Amino acid sequence: MRSVLFFSFILGCFLSANGQVASNTISCEVSDRETTVILFPVAIKNIDRGSSDIKVAIQPGADHIVKLKAEHPYATPTSMHIFADNGRVYTMKVVFSSSIKEYTLDYSKDTVSYSIINNLPVNRSNGQPALSESLQRKISTITLAKPFLRKSRTAFKMKLQLNTIHYDDENLYFSCTLSNNSNLPYELNFAHMAISDLRVVKRSAIQEVEEIPIYFSPIGLIPGNASQKLVFVLKRFSIPNQKKFLLELYEKGGGRNLQLTLSNRVLFKAKPIY
């Protein structure tokens, strides 16, 4: 019998629903003439820039050190997510300054806040964005795409609605809306995605095969009577006979958990994206 595989990843609150920067965000300044150096307590696996206005690199031979520099002067602050070897994610707000106050930020004593993502696959290229420009463009297109699917699950005055599925040569792109129809705010703790048995024979164990996302959009706190878009990208697949695809969302500190199941009948309605 195949082993049961579980995948979960804990989502940090990168941005709240009203667009404010989360409280665990680190601020730093960069210049196009000087280099800013940041020391972390653990090895850095990958860095995801929010903009091409900045260039970043992990120091060769010292993978707990990150170097930043601006490509050119810019007005709007950008973001950066730093993925550590032990699953930590450091969220940074990067501001351009022609006169940097601190050239070296030392967080090696583990005094800085962080979020945690378990088992999130990242691009290991040294200092390069985790997502290619092509993938970022497609994610932006998917986010704005007109819904053509109506698959949904409602429970606890929460609704998980599948809006669209798109595909290219390598990936599947899912767009959902998570709606909170209660007065109580909702905070996502983690998500679980898997190919699972459609029916289970009595006294038999459920068999699941993990589906690890290439991208999962960060979700902040959802206030009462509000909603947020959810976009995730998986390597392209189809669902074997007598199996189903599971998307499960678990509430942080609560029991409003949602499960959406998909069959090939829904998956085959996917539209191409170029």
(request) Return the distance in nm (one decimal) between the two label points of a simple spin-label model at Asp197 and Phe156, each offset 7 Å from Cα along Cα→Cβ. (result) 2.6 nm
(request) Bin width 10 Å, alpha-carbon pairs only: give the P(r) of region 136-272 as whole percents, running from 0 to the bin holding the largest distance. (result) 11, 42, 35, 12, 1
(message) From the phi angles alone, apply the Karplus equation (6.51, -1.76, 1.60; θ = phi - 60°) to region 100-109 and give each ³J(HN,Hα) in whole Hz, x where the residue is Gly or Pro.
(response) 5, 7, 10, 8, 10, 10, 9, 10, 5, 7
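What pairs from Lys151/Lys235; Lys67/Lys252; Lys159/Lys243; Lys146/Lys244; Lys101/Lys138 go past 28 Å between their alpha carbons? Working shown, then result.
Values: Lys151/Lys235 21 Å; Lys67/Lys252 34 Å; Lys159/Lys243 24 Å; Lys146/Lys244 25 Å; Lys101/Lys138 38 Å.
Beyond 28 Å between Cα atoms: Lys67/Lys252; Lys101/Lys138.
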(request) Just check region 26-113 against the gyration tensor rule for me: Cα atoms, a ≥ b ≥ c as the square roots of the eigenvalues, rounded for a/c under 1.5, and otherwise prolate or oblate depending on whether a/b exceeds b/c. (result) prolate
(request) Quickly work out the Lys229-to-Asp32 label distance, labels modelled 7 Å from Cα along the C-beta direction, and quote it in nm with one decimal. (result) 3.1 nm
(message) Report the gain in length on full extension from Lys55 to His72: 0.36 nm times residue separation, minus Cα-Cα distance, nm rounded to one decimal.
(response) 5.1 nm
(message) Suppose R0 equals 22 Å. What FRET efficiency, 1/(1 + (r/R0)^6) with r the Cβ-Cβ distance, do Asp85 and Glu187 give to the nearest 0.05?
(response) 0.25
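Bear in mind these aren't lab numbers, they're just calculated from the coordinates by the rules spelled out. This structure is a prediction, so every number in the text was calculated from the model and none was measured. Note that we place each Cβ from the backbone using ideal geometry, even for glycine, and neighbour counts take in every protein chain shown.
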